[in-house]
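The block underneath contains the structure these notes are about, expressed in structure tokens.
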Amino acid sequence: MSITQQYLLDTYRARQLGEPAPPAPGTRDRQVVGEWRDRRRFRAVLAGRPAHGRVRRALRRWRSLWPRALG
């Protein structure tokens with residue numbers, strides 16, 4: 001059964017029982033990813049590690065490629 005079919009079945013059951021319809025698949029994906037990222041950063045801080053961001057990761061990648069470009 002696909003996600004869409006399961007959603008339609010759950011919606012039908014909710015309507016029959018007079019309950020609110022479940023959220024559509026994918027409606028909270030962005031929120032979940034943001035919460036996951038925040039939790040990872042929080043755990044890193046609690047563990048005493050710096051919470052690295054995109055800028056540091058990009059600089060580290062660029063720095064590792066620099067010796068190859070010269071040699």
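Quick check: pseudo-label points 7 Å beyond the Cα along Cα→Cβ at Tyr12 and Asp38, how many nm apart are they?
Spacing of the two 7 Å Cα→Cβ label points: 3.8 nm.
Between Val45 and Ile3, what is the label-to-label distance in nm when each label sits 7 Å out along the Cα-to-Cβ direction?
Taking the two extended label points, one gets 3.1 nm.
Can you give me the distance in nm between label points at Asp29 and Leu65, each placed 7 Å from the Cα along the Cα-to-Cβ direction?
Inter-label distance under the simple model: 2.8 nm.
Here, each number is a calculation from the coordinates, and none is a lab measurement. The structure presented is a predicted model; accordingly, all values stated were derived computationally and were not measured. Using ideal geometry, Cβ is built from the backbone for each residue, glycine included, and neighbour counts are taken over all protein chains shown.
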